[in-house]
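Single-structure report; data block below.
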Amino acid sequence: MPVLRSLEVRILLGQRQQWGAFIRDVKKVVDKYGSPLRALQLQFGGPPGTAIVTATADDWEQLATRTEKVNADPEMQALIARHSQVSGFPFSDGVEVRVLEDITAEVGGNRAPIETAPVIQVMSQRVLPGKRAKQLEVIRQIREARAGAGLQLSNVMQIVLGSANILLIARPYASLQAWAKDRATPELKSVTDILQRSLTDGPYVEPIATRLYTDITSQL
């Protein structure tokens, strides 16, 4: 089961270039130990200056092993020491460090290529007490309906370290134009019917936000 480590920050005004240079140096260290570090920038749906830095592990053991190696790496320690002397470091305000499990297998079907997507839409929702199984069934039915219509599917992740009881529905796109086309397409009647039926003894979740990110790793 893939595990995602995610650091969300708010880049300080006028510090984007410095922040990017620092993350570029961090990436050089992290990349030595497995999954490449990625940087995503918020385009729509949240506070300006929001960025997320992520890395994926195959499982918990790999996540722990890689974290230990990165923390002990002399190059990383020297990097932190060097930048700590620079005015304005760390050039951003931290929001939260999260660890998420990809639970797409629980709702059936194949995973979408989130790890390489240039554009990712993320819908976050808080699961109400005792409603997790019912909400996952709703998501499974929606995935089946979208797959049958040839539409882009989403991965489902849950936060296991960080804010509690949060599901993230992450849908990848090849470009902003592809995202816009999908958003402009009327919702399938079968999907609206599924959502309507879920309200008969629901709701199962409380919506939090829908946000759109673009990959800026190559711009670091």
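Observations
- Dipole axis of the chain (+1 Lys, Arg; -1 Asp, Glu on Cβ), positive-most option in A51, L188, Q77: L188
- Only Cα pairs under 8 Å and 6+ residues apart enter the sum, and on that basis the relative contact order of the chain stands at 29 percent.
- Taking a straight Cα-Cα cut-off under 18 Å and skipping sequence neighbours fewer than 8 places away in the same chain, the lysines within cross-link reach of K69 are K27, K28, K32.
- Charge context of R126, other residues only, Cβ under 13 angstrom, K/R +1, D/E -1: +1
- Local charge for G94 was computed over the other residues whose Cβ lies under 12 Å away, with Lys and Arg +1 and Asp and Glu -1, and equals -1.
- With neighbour counts taken as other beta-carbon atoms within 10 Å, the residues L79, L100 rank, fewest first, as L79, L100.
- Stokes-Einstein D (µm²/s) once Rh is taken as the Kirkwood radius of the chain over alpha-carbon pairs, at 20 °C in 1.002 mPa s: 114
- Anisotropy class of region 3-99 from Cα gyration tensor, a/c 1.5 cut: oblate
- Cα gyration tensor shape of region 106-213, rounded if a/c is under 1.5, else prolate or oblate by comparing a/b with b/c: oblate
- Candidates A81, A117, A21, ranked by Gaussian network fluctuation over the chain, Cα under 10 Å, top entry: A81
- Gaussian network model of the chain, Cα within-10 Å springs - most flexible of S154, S87, S163: S87
- Summary of the geometry: region 165-213 and region 54-81, compared by the centres of their Cα atoms, lie 34 Å apart.
- For Q41, neighbours were defined as the other residues whose beta-carbon sits under 12 Å from its Cβ, and their charges (Lys and Arg +1, Asp and Glu -1) total +2.
Coordinate-derived values only; no laboratory data. Just so you know, these numbers come straight off a predicted model, no measurement behind them. With ideal geometry, Cβ positions are generated from the backbone for all residues, glycine too; neighbour counts draw on all protein chains shown.
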